[in-house]
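The values are calculated or read from the model by the stated rules, or taken from the named source; none is laboratory data. On a predicted model such as this, the values are computed, not experimentally measured, just so you know. Cβ placement follows ideal geometry from the backbone for every residue including glycine, while neighbour counts extend to all protein chains displayed. All accessible areas refer to the heavy atoms of the entire protein, side chains included, with ligands and DNA or RNA removed. Shrake-Rupley method; radii C 1.70, N 1.55, O 1.52, S 1.80 Å.
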Amino acid sequence: MIVCIPSKGRPETDTYKIFEKAGYEVYHFIEPQEIDAYKKVPNLINIGANDKGVTYVRNFMLDWCKEKKIDWAWFCDDDVIGFGIYNGKTVRKGAEVLQKVEKKAMQLPFEVVGLSYVQYAWTEKKSYNINSKFAEVCALMHVSAIDWRYNEDTKEDRDFAMQTIQNGHGILRFNHVWFSCPNVGSNEGGLHDWYASNKDHDAAKKMAISWSPWVTLKQKGDRLDIKTDIKGFAKHCMRKVV
């Protein structure tokens, strides 16, 4: 199993070390202008263009995996700092916990398989959900089964999730296997500048237009965000919902 990590502005990322300790082969997808800065991290893949954004690199990773005949791959952000399980208490583990996720997922038809945020794992009553929660930050992708693309200028991961429900079997999420990472847009590099310039507001508006009436706008503090009736949409598409 391989891991694909896109990275921008974070040459000191060490997320890959968590995976390597568990025996994973990790590839980093880097803009040409930053290749030299990332020389300390393994398996650099030049994505061939600068400043094209997260949608570009996500699609590049899909294409790269397909060209390499890779069936399944983890797509993981470069600021993930740990994994673990919830079994009545929150227990930190290594990336080896993902192997049980893989074993189960590969026996099922879902194209995208997600995990829980650590701060929410303890609140989940069900150990898994189908087409009722998003898969973000670190997701197992059935690459060979996916023939849709990430869209520009939107909340790309959530838009992709909606496409997955619409065009495939949908999303399986393991709620008691978790990842840990900083709050979105809070640390330098990655999407920090994107959030700082409020481009997420425009992305939210596009999501609401593209997926109406299942996606609506809502104010979240000083941010414009979205509310998604993912279950309702899945039922509308006649997909399984758990």
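By the Cα gyration tensor, the stretch 33-134 has an equivalent ellipsoid whose semi-axes, rounded to whole angstrom, run 29, 18, 14 from largest to smallest. In this entry, the stretch 18-92 is assigned a mean projected area of 6.5 nm², taken as a quarter of its C-alpha convex hull surface. Averaging the sequence gap over all C-alpha pairs within less than 8 Å and six or more residues apart, then dividing by the number of residues, gives the stretch 1-137 a relative contact order of 24 percent. Whole Å is fine, so just give me how far the alpha carbon centre of the stretch 93-157 lies from that of the stretch 1-40. Distance between centres, Cα-based: 20 Å. Each Lys or Arg adds one and each Asp or Glu subtracts one; over the other residues with Cβ under 15 Å from the Cβ of residue 73, this totals -3. Note on residue 119 and residue 209: their simple-model spin labels are 3.1 nm apart, each label 7 Å out from Cα toward Cβ. Across every pair of non-identical alpha carbons in the stretch 71-194, the mean reciprocal distance, once inverted, gives a Kirkwood radius of 15.0 Å. Note on the chain: with neighbouring protein chains present and a 1.4 Å probe, carbon and sulfur make up 49 percent of its accessible heavy-atom surface.
Solvent exposure of the chain amounts to 49 Å² per residue of accessible area, where only protein heavy atoms count and the probe is 1.4 Å. The amide H of residue 152, built 1.01 Å from its N in the peptide plane, has no neighbour under 5 Å, considering only residues 5 or more places off or on other chains.
Between residue 44 and residue 218, residue separation times 0.36 nm minus the direct Cα-Cα distance comes to 58.7 nm. Taking every alpha-carbon pair under 8 Å whose residues sit at least 6 apart, the chain reaches a relative contact order of 20 percent.
List residues of the stretch 9-45, by number, whose backbone nitrogen lies under 17 Å from a label position 7 Å along Cα→C-beta of residue 106. In the stretch 9-45, the label zone of residue 106 (backbone N under 17 Å from the point 7 Å along Cα→Cβ) covers 22-26.
Estimated from helical segments only, the mean residue ellipticity of the chain at 222 nm is -8000 deg cm²/dmol, where each DSSP H run of four or more residues counts as -39500 (n - 2.57). Converting phi to 3J(HN,Hα) with the Karplus coefficients 6.51, -1.76 and 1.60 and the offset θ = phi - 60°, the stretch 80-90 yields 5, 10, x, 10, x, 10, 10, 10, x, 8, 7 Hz in sequence order, with x at every glycine or proline. If you plug the beta carbon distance of residue 81 and residue 126 into 1/(1 + (r/R0)^6) with R0 = 41 Å, you get a FRET efficiency near 0.95. Relative contact order for the stretch 80-148: what percent, with Cα pairs under 8 Å and sequence separation of 6 or more? Relative CO of the stretch 80-148 lands at 32 percent.
Annotation for residue 90 and residue 183: the two label points, set 7 Å from Cα along the Cα-Cβ direction, are 1.5 nm apart. When the inverse distances between all different Cα atoms of the chain are averaged and flipped, the Kirkwood radius reads 18.4 angstrom.
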